[in-house]
Each structure stands twice: as C-alpha cells, then as structure tokens.
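What follows is calculated from the coordinates using simple rules that are stated; it is not laboratory data. The shown structure was predicted, so the numbers you read here are calculated from the model rather than taken from an experiment. Heads up, the Cβs are rebuilt from the backbone with ideal geometry, glycines too, and the neighbour counts pull from every protein chain shown.
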Ligand SMILES: Cc1cc2nc3c(=O)[nH]c(=O)nc-3n(C[C@H](O)[C@H](O)[C@H](O)COP(=O)(O)O)c2cc1C
C-alpha cells in the first residue's frame, strides 16, 4: 500500500500516546546505509513559526551518526509492532542487521529512509542541535536519575516538512 501525503493540519495524533506509549522510530541515512532506533521521548509543536518535532538522542547511539550526517531524518509511527520496536530499541545497528532481523522494509520518502510497515511517517529537516547541559537542571534529581553515565542527550529540533499516512 502506498503512502499518501496529508496536510499537517489534518494530522490526528496524540503525541503523549503515540510517542510515550506506542513509540516511534527515528531513522536516517542514504541509499547505501540506513539506521534506526526506537524512541519514546520527544515532542511536537511550533517554534520559530515552523511546525517542529524534537527528538532526544544519547551520544552513543549509532543512529546519532546517521542523523548528524544527513540534513533530514524520519519519524515512523506504527499500529502495534511492539516486539519489533523493542528489538530496534535494544540492539544496536553497529552490531547487527537489526532491521533485517525484525523483517522491516526500508522505503524512501523524499529521499529520506522510513518504513513500509509504518502507518504514519513525518519527514523532518534538522534546524538546531544542542546537548542537555547538567548545569541547567533546576531539578538536579533528574540529572542524577537519568544521567549516571553523564551521557546527556543531544536535542534535535527539526522542521516537519511532510506528513505521510498509509490508508
Ligand atoms: C521504548 C524505548 C524507547 C527509547 N527511547 C530512546 C530515546 O528517546 N532516546 C535515546 O537516545 N534512546 C532511546 N532508546 C534506546 C535506543 O533505541 C537503543 O539504545 C537502540 O538500541 C539504539 O540503536 P543504535 O545504536 O542502532 O542507534 C529507547 C529504547 C526503547 C526500547
């Protein structure tokens, strides 16, 4: 089944449920090499007059190298597939062909890799990257709880260029 572009204003999505409970895949790469990782932290909203998505990627993730090397990445959302998303969020693409392992299929939308199995794909263009700074925590307990390894997330803010759904 083919993907169909919709206007972002037609998007029916509860980000708390879709990201927090159902999870998404952050995917980047080119025709030669692609990597993906599961994410359950992130956001969507409006900034600088743009519709944006924000994702948080720890520096050691292999996916980070692909997001850094490309101007765009995709966010894929699914109906179910929790087992597969669990694997893609546990195994590193550095160690295995995890996409092949879960039998997911890469498709390219506007030249950006995403997944045929997705019900919704957002194509996002990077606008801004920074790293969570420990000295900026007003509630220091979050730093202690989430970053014992001092691997503070990179924060990517990206313009949502296109929204694709599958009927
Ligand atoms: C449910 C779930 C949510 C996750 N959310 C994030 C996240 O938001 N940011 C992050 O850096 N890692 C997150 N991870 C961990 C990465 O998906 C995981 O380390 C993955 O194996 C990285 O793969 P890679 O090394 O191929 O990039 C999550 C894992 C799971 C299972």
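Ordered by the count of other Cβ atoms within 10 Å of each Cβ, fewest first, 41, 23, 48 give 48, 41, 23. Modelled spin labels at residue 31 and residue 139, positioned 7 Å past Cα toward Cβ, are 4.8 nm from each other.
I need the calculated FRET efficiency for the pair residue 50 and residue 110, taking r as the beta carbon distance and R₀ as 25 Å, to the nearest 0.05. Plugging the Cβ-Cβ distance into 1/(1 + (r/R0)^6) gives 0.90. Legend: P(r) of the chain from all alpha carbon pair distances, 5 Å bins from 0, whole percents, reading 1, 8, 18, 22, 22, 15, 8, 4, 1, 0. Comparing mean-square fluctuations of 36, 54, 107 from a GNM of the chain with C-alpha springs under 10 Å, the top value falls on 107. For the options 83, 145, 33, a Gaussian network treatment of the chain with springs between C-alpha atoms closer than 10 Å singles out 145 as fluctuating the most.
Computed over the alpha carbons of region 83-167, Rg followed by Dmax gives 16.8, 46 Å. Of 147, 62, 108, the residue with the greatest mean-square motion in the GNM of the chain, using alpha carbon springs below 10 Å, is 147. Annotation: the residues 139, 110, sorted from fewest to most other C-beta atoms within 10 Å of their own C-beta, follow the order 139, 110. Ranked for footprinting exposure by Cβ neighbours inside 10 Å, fewest first, 16, 73 give 16, 73.
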